[in-house]
Amino acid sequence: MTLIDARNMPRHVGLIMDGNGRWASQRNEPRSEGHRAGSRSVRRIVRLARRIGIEALTLYAFSQQNWARPDDEVTALMVLLQEYLLSERVEILGNGIRLAAVGELAELPASVREVLEPLCRDSQPNDRMTLTLALSYGGQEEIAAAARGLAKDYAEGRIQLEDIDASALGKRIPSQRVGQPDLIIRTGGETRLSNFLLYGSAYAELFFSERLWPEFSEEDFFTAIASYQGRQRRFGQLVT
Ligand code: IPE
Ligand code: IPE
Ligand code: MG
């Protein structure tokens, strides 16, 4: 196990879980099998994150843009999501995990919302770790919605023009309720954010792994944290 420093843990980790489809293709299996294997990785990494004291974990599970994939793939992903929520209910409630969701949740099928909403509500008092699922999520769309909210408040006289600054915008960004991500990990070898946590990622440390998400292991997670711990965060300032 890679050695990590318990005093310098990232507080909030964002995870872009990419590479399920390629994992399946390599095995001549349908893409849905890659997503199924990916959901096993989710269980493994959520358990680990909670065990090592990560306060907030945000998982990019489905983007706004992913709706444009073929219907059968979208359906398979929604079924897997529902199965994940049903099967992890006991684990989440019993292990002090607070579940939250960000994104255009109204666009999700009722079958998902009917399990997601009660689990978010019932796990609300938990405080060991906040697990946020980014579902039907887009970073640009999230910023646009926040801007719309500010514009409405301005139009209706609740705020002044000068009140609109980065901090006021940030307060309206749902994915930032748990604070800015300290570390964003992307699996699958691509080195881009693909519309994930655009507002909050301003000073996030980025870690890109070649590993495809279904094979991303506990060791790989430790490697990412060790890399984070080797960095010097400056936030634009000079560090002497
Ligand atoms: C990530 O894996 C999961 C989702 C986007 C839902 P992909 O399905 O994007 O897998 P690749 O990138 O095609 O391998
Ligand atoms: C990002 O992966 C979205 C999720 C992991 C949910 P994509 O596979 O959708 O991103 P692109 O298309 O490679 O940018
Ligand atoms: Mg992908």
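Summary table
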read-out	value
Selection within the stretch 62-93 - closer than 16 Å to Pro30 by Cβ, away from ligand 3 (no atom under 16 Å from the Cβ) and surrounded by fewer than 15 Cβ atoms within 10 Å (Cβ to Cβ)	Asp71, Asp72, Thr75
Residue within the stretch 21-32 that is within 16 Å of ligand 3 (Cβ to nearest atom), at pLDDT 95 or above, among the hydroxyl-bearing types (Ser, Thr, Tyr) and touching a Phe, Trp or Tyr at 6+ places or on another chain (Cβ under 9 Å) present	no
Selection from the stretch 206-240 of residues that are of a type in the set (Asp, Glu) and closer than 20 Å to Arg22 by Cβ	Glu210, Glu215, Asp220
Residue among Asp165, Asp153 that alone is at pLDDT 95 or above, of a type in the set (Asp, Glu) and under 21 Å from Tyr203 (Cα atoms)	Asp165
Entirely in the stretch 1-113, the strands (runs of 3 or more DSSP E) that have 3 or more residues that are over 24 Å from Ala202 (Cβ atoms) and touching a residue at least 24 places away in the same chain (Cβ under 8 Å)	97-102
Of the criteria (1) within 16 Å of ligand 3 (Cβ to nearest atom); (2) part of a loop (DSSP other than H, G, I, E, B); (3) among the aliphatic types (A, V, I, L, M), which one Leu238 fails	(1)
Flag for Gly34 being more than 17 Å from the chain's Cα centre (by Cα), surrounded by 20 or more Cβ atoms within 10 Å (Cβ to Cβ), of a type outside the set (Lys, Arg) and within 16 Å of ligand 2 (Cβ to nearest atom)	yes
Residue list for the stretch 175-200, filter: surrounded by 18 or more Cβ atoms within 10 Å (Cβ to Cβ), assigned to a loop (DSSP other than H, G, I, E, B) and either acidic (Asp, Glu) or away from ligand 1 (no atom under 13 Å from the Cβ) (or both)	Val178, Gln180, Pro181, Asp182, Leu197, Tyr199
Conditions (1) closer than 29 Å to Ser136 by Cβ; (2) more than 16 Å from ligand 3 (Cβ to nearest atom); (3) not basic (Lys, Arg): number failed by Ser209	(2)
Flag for Gln229 being of a type outside the set (Gly, Ala, Ser), more than 16 Å from ligand 3 (Cβ to nearest atom), touching a residue at least 60 places away in the same chain (Cβ under 8 Å) and within 16 Å of Gly14 (Cβ to Cβ)	no
Answer from Leu15, Leu99 - the residue that is within 16 Å of ligand 2 (Cβ to nearest atom) and either at positive phi or touching a Leu at 6+ places or on another chain (Cβ under 7 Å) (or both)	Leu15
Hits in the stretch 146-174 (condition: of a type in the set (S, T, N, Q) and in a loop (DSSP other than H, G, I, E, B))	Gln160
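Residues checked against (1) more than 14 Å from Ala144 (Cα to Cα); (2) over 16 Å from the mean Cα position of the chain (by Cα):
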residue	(1), (2)
Ala168	no, yes
Pro174	no, no
Val178	yes, no
Arg192	yes, no
Asp220	yes, yes
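The values are calculated or read from the model by the stated rules, or taken from the named source; none is laboratory data. Remember, predicted model here, so these are calculated numbers, not experimental data. Backbone-built Cβ (ideal geometry, glycine too); neighbour counts: all protein chains shown.
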